[in-house]
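Colleague: Sharing a structure below in structure tokens format, with a few things to ask.
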């Protein structure tokens, strides 16, 4: 269960809570301090009456329904994955995006998600064929949050339900890792994290992992939803084009010492943090003092918990004089993606992944 006393409140209705940086020290983020992102009020769901509906968008619709116990009886799997809100660190842009939350750096966490593979549910339980002749283009995932009477979740300017879609390749063939999770860190999902079941899309920003999952719709048409095509897009400044927010960008976060802490002169300090990426494992993390960009030094990497989980890192630093120092961290993944010095400038301020920074006072 979420412990709101340990969290930084961003909004009360809907509930949006940020994890304090100090709570992100462990490899697996405790449920009580895992950030919460909601677009609508938290739905009230009776697990005994809840069911997940699977259907097609064709004229002769086929439909299946699965209760919570049905999902638990299917073959189970688990994936350790880092979830990060696409708007995490938005405050560091030092500007505001209309209608968006001004997150600090704590809208991120890593958990062990367990449940049933999406491919198993659709291929084995529903007996749906995904051969080339079937021509399925996308799968739409609809949450129970929003207006209960709303039947649509299209790309209008006033969304009434949370719905997202994935292309077939990503949903069913990308390492077979997309799951319908019923548990988090070994416990049933908390209400705030999507009880009784939610989608988990490892390696993508958190908006793809639809909470309170109520319906799955197979589509042979190109779907459009507000949360795919109006929001959660990179609208580049000064340009007409836009790109979907998808994979996690490579990023590092300094978790100790905290920004603004005092350090005694001559005291050796272990700088620690986390690094993650949606497109490859973390290959390296470098650390340096601001102004000394030619003197980046390697940090020591810990064990990466999984292909989709963050990796801990550390570096011992000993200040040589008194004053204010800004320590920076820079991660690179196995595909050569490196944290930039400056973030990608876009209208909704998504995907902040500039080099990590903390300012320390040496006394």
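The values are calculated or read from the model by the stated rules, or taken from the named source; none is laboratory data. Since the model is a prediction, treat every value here as computed from it, not as a measurement. Methodologically, a virtual Cβ is constructed for each residue, glycine included, from the backbone with ideal geometry; neighbour enumeration extends over all protein chains shown.
Colleague: Go through region 255-290 residue by residue and tally those that are without any contact (Cβ under 8 Å) to a residue 60 or more places away in the chain, closer than 16 Å to residue 310 by Cα and surrounded by 20 or more Cβ atoms within 10 Å (Cβ to Cβ).
Modeller: 4
Colleague: Check whether at least one residue in region 298-313 is farther than 20 Å from residue 330 by Cα and more than 23 Å from the chain's Cα centre (by Cα), and report yes or no.
Modeller: No, region 298-313 has no match at all.
Colleague: Which condition breaks for residue 19 when tested against (1) within 21 Å of residue 305 (Cβ to Cβ); (2) without any contact (Cβ under 8 Å) to a residue 40 or more places away in the chain; (3) in contact with a helix residue (DSSP H, G or I) (Cβ under 9 Å, 6 or more places away or on another chain)?
Modeller: (2)
Colleague: Now a separate question. Checking the conditions here, which among 196, 223, 244 is in contact (Cβ under 8 Å) with a residue 12 or more places away in the chain and under 24 Å from residue 89 (Cβ atoms)?
Modeller: That would be 244, the only listed residue that is in contact (Cβ under 8 Å) with a residue 12 or more places away in the chain and under 24 Å from residue 89 (Cβ atoms).
Colleague: Got a sec? Which of 280, 266 is more than 28 Å from residue 200 (Cβ to Cβ) and assigned to a loop (DSSP other than H, G, I, E, B)?
Modeller: Result: 266 is the single residue among 280, 266 that is more than 28 Å from residue 200 (Cβ to Cβ) and assigned to a loop (DSSP other than H, G, I, E, B).
Colleague: Quick check on my filter: what residues within region 315-341 are within 21 Å of the chain's Cα centre (by Cα) and in a loop (DSSP other than H, G, I, E, B)?
Modeller: Answer for region 315-341, where residues must be within 21 Å of the chain's Cα centre (by Cα) and in a loop (DSSP other than H, G, I, E, B): 334, 335, 337, 339, 340.
Colleague: Just for strands (runs of 3 or more DSSP E) wholly inside region 155-254: which have at least 2 residues that are crowded, with 23+ Cβ neighbours inside 10 Å and either assigned by TED's automatic domain parsing to the domain that holds residue 285 or in contact with a strand residue (DSSP E or B) (Cβ under 6 Å, 6 or more places away or on another chain) (or both)?
Modeller: Once the strands (runs of 3 or more DSSP E) in region 155-254 are filtered for at least 2 residues that are crowded, with 23+ Cβ neighbours inside 10 Å and either assigned by TED's automatic domain parsing to the domain that holds residue 285 or in contact with a strand residue (DSSP E or B) (Cβ under 6 Å, 6 or more places away or on another chain) (or both), what remains is 161-167, 179-184, 198-200, 213-219.
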